[in-house]
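Sharing a structure below in structure tokens format, with a few things to ask.
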Amino acid sequence: MTIAVIGVDGSTLPPGAADLLDRAALVVGGRRHLDRHAPHGARTVELGDLDPALRELAAASGPAVVLASGDPGFFGIMRSLRAAGLELTVLPAVSSVQRLAALAGRSWDDLAVVSAHGRALEPVLNVCRARPAVAVLTGPDCGPAELAAGLHGWQRTLVVAEDIGGPGEQVSTVDAETAALRTWREPNVLLCLSDPHAVPDRSWYAGGSPGGEWALAEDEFAHRDGMITKAEVRAVALARLVPRPGTLVWDVGAGSGSVGVECARLGSAVIAVERDPVQCVRLVSNTTKHQVDVRLVEGTAPAALAGLPRPDAVFVGGGGADVVRACATAGAARVVVALAAVDRLGVTRDVLRDAGYRVSGSQVSAARLTDLPNGGSRLSAINPVFLLWGTR
């Protein structure tokens, strides 16, 4: 038997939905949808724990309908229904993201869309920290106030639609600091924007352009007299840091920020910690050039690390054993340390081991093809660097 799945936009049903509901012997949905749309005489099952509803639908002998908010195929119930082996006919409504973008008067093909409903908050926060435009499907304990509190240190504007699709629908545009202090009515959905007035570039790729190249050449970055993590070393470090959307990377002793910028280009949220004011200026220049949002903390580690959000991965490009120890106790799954001096290897390895990491490492050295005046080529060596990485 085929189950009809009907999307509800506030109090509005899509064409054909009324006839399906009139014939339904079983209607499954949230309490507000059942109260508003379930016909008299039909047996109803309120959605809470999904398993009882799935059993009722699988055993239904007559016409059955599932009521869901917006588009049931967009972070909705359809995945669970299909996983249960049910055959579906779907009548979708406008999704809450579509509706909010329309209410805000902006295009939405540039939005990264994440769901905090029944999911961990940290990955959602990290996408909001990394991306300039994000739509968030909120959930209990993962609403606008909680998200805004986690964005402390990042300049963000929230566009929040309360009671979306309902009679009390209201849209508010506030900064994150203000949003963290408010009580918000449910159901709600929000946009998290680095610049609410920006008009995104025209793109063929929904959600914004992918990162493109990685392990960029040194001349892609402003830096001081070759004081930059070389491309070959960055390539290995990035492989061990595994930057990706939903994660937070610390770049400690960031210098000109080449590692942090690359992690941000690959989708991670990034905090760069650097004590040299001149290097901080270069770092900001590099983030601007590469159009990524890296939060800069100007200060000396380990003191400057206090109070920062828990990282998923840490790159240590400068600092002694005390800095490595502080990074190793920050809760990251991965820590990568770059060392130029061989006599620091043993101490750094022991610090990582003592913190519970499995430690591996390698010497990264390379010889680059260089042109000669006579048209020939030679190999030009770069200084070797030791990389240690701890995983757990």
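For region 122-146, give me each residue that is in a helix (DSSP H, G or I), closer than 22 Å to His290 by Cα and among the charged types (D, E, K, R).
The answer is Arg129, and nothing else.
Would you check if Ala101 is buried (at least 16 other Cβ atoms within 10 Å of the Cβ), among the hydrophobic types (A, V, I, L, M, F, W, C) and either on the phi > 0 side of the Ramachandran plot or in contact (Cβ under 8 Å) with a residue 40 or more places away in the chain (or both)?
yes
Every residue in region 164-203 that is hydrophobic (A, V, I, L, M, F, W, C), in a loop (DSSP other than H, G, I, E, B) and either within 23 Å of Ser115 (Cβ to Cβ) or within 22 Å of the chain's Cα centre (by Cα) (or both), please.
Taking region 164-203 first, the residues hydrophobic (A, V, I, L, M, F, W, C) are 164, 171, 174, 176, 179-181, 184, 189-193, 198-199.
Filter again for in a loop (DSSP other than H, G, I, E, B), leaving 164, 180-181, 184, 198-199.
Selection gives Ile164, Ala180, Trp184, Ala198, Val199.
In addition: Looking at region 115-126, which of the residues that are crowded, with 22+ Cβ neighbours inside 10 Å and aliphatic (A, V, I, L, M) is farthest from the chain's Cα centre (by Cα)? Before you say what the answer is, go through the steps one by one.
Residues of region 115-126 crowded, with 22+ Cβ neighbours inside 10 Å: 116, 124-126.
If we keep only those that are aliphatic (A, V, I, L, M) as well, we get 116, 124-125.
Working: Ala116: 11, Val124: 5, Leu125: 6 Å.
Applying the filter and picking the extreme gives Ala116.
In region 328-349, which residues are in contact with a strand residue (DSSP E or B) (Cβ under 9 Å, 6 or more places away or on another chain) and farther than 14 Å from Trp250 by Cβ? Explain how you work it out, then say what you get.
First pass over region 328-349, keeping only residues in contact with a strand residue (DSSP E or B) (Cβ under 9 Å, 6 or more places away or on another chain): 328, 330, 332-342, 344-345, 348-349.
Answer for region 328-349, where residues must be in contact with a strand residue (DSSP E or B) (Cβ under 9 Å, 6 or more places away or on another chain) and farther than 14 Å from Trp250 by Cβ: Leu339, Ala340, Ala341, Val342, Arg344, Leu345, Thr348, Arg349.
Scan the strands (runs of 3 or more DSSP E) fully inside region 266-373 and keep the ones with 2 or more residues being open to solvent by less than 20 Å² (accessible area, probe 1.4 Å).
Numbers: elements: 269-274, 294-298, 313-316, 334-339, 358-364, 367-371.
Result: 269-274, 313-316, 334-339.
Right, here's the next one. Those residues that are surrounded by fewer than 16 Cβ atoms within 10 Å (Cβ to Cβ) and either part of a helix (DSSP H, G or I) or at positive phi (or both), I need them from region 39-61; list them, please.
Answer for region 39-61, where residues must be surrounded by fewer than 16 Cβ atoms within 10 Å (Cβ to Cβ) and either part of a helix (DSSP H, G or I) or at positive phi (or both): Gly41, Leu50, Asp51, Pro52, Arg55, Glu56, Ala58, Ala59.
Another question, then. What number of residues in region 152-172 are open to solvent by 40 Å² or more (accessible area, probe 1.4 Å) and free of Cβ contacts under 8 Å to residues at least 60 places away in the same chain?
Selection size over region 152-172: 3.
Name the one entry in Asp219, Asp175 that is surrounded by 12 or more Cβ atoms within 10 Å (Cβ to Cβ), of a type in the set (Asp, Glu) and out of contact with any His (no Cβ under 9 Å at 6 or more places or on another chain). It would help to see each step written out before you state the result.
Numbers: Asp219 fails: surrounded by 12 or more Cβ atoms within 10 Å (Cβ to Cβ).
Residue meeting the stated conditions: Asp175.
Just to check your reading of the model, which residue among Ala198, Ala231, Ala148 is open to solvent by 30 Å² or more (accessible area, probe 1.4 Å) and modelled with pLDDT of 90 or more?
Numbers: Ala231 fails: open to solvent by 30 Å² or more (accessible area, probe 1.4 Å); Ala148 fails: open to solvent by 30 Å² or more (accessible area, probe 1.4 Å).
Just one listed residue meets the conditions, Ala198.
So in region 75-91, with the set limited to residues that are open to solvent by less than 70 Å² (accessible area, probe 1.4 Å) and either of a type in the set (Gly, Ala, Ser) or in a loop (DSSP other than H, G, I, E, B) (or both), which one is modelled with the lowest pLDDT?
Gly76
The values are calculated or read from the model by the stated rules, or taken from the named source; none is laboratory data. The shown structure was predicted, so the numbers you read here are calculated from the model rather than taken from an experiment. Note that each Cβ is placed from the backbone with ideal geometry, even for glycine, and that neighbours are counted across all protein chains shown. Just the protein is used for accessible areas: all its heavy atoms, side chains included, with ligands, DNA and RNA removed. Shrake-Rupley method; radii C 1.70, N 1.55, O 1.52, S 1.80 Å.
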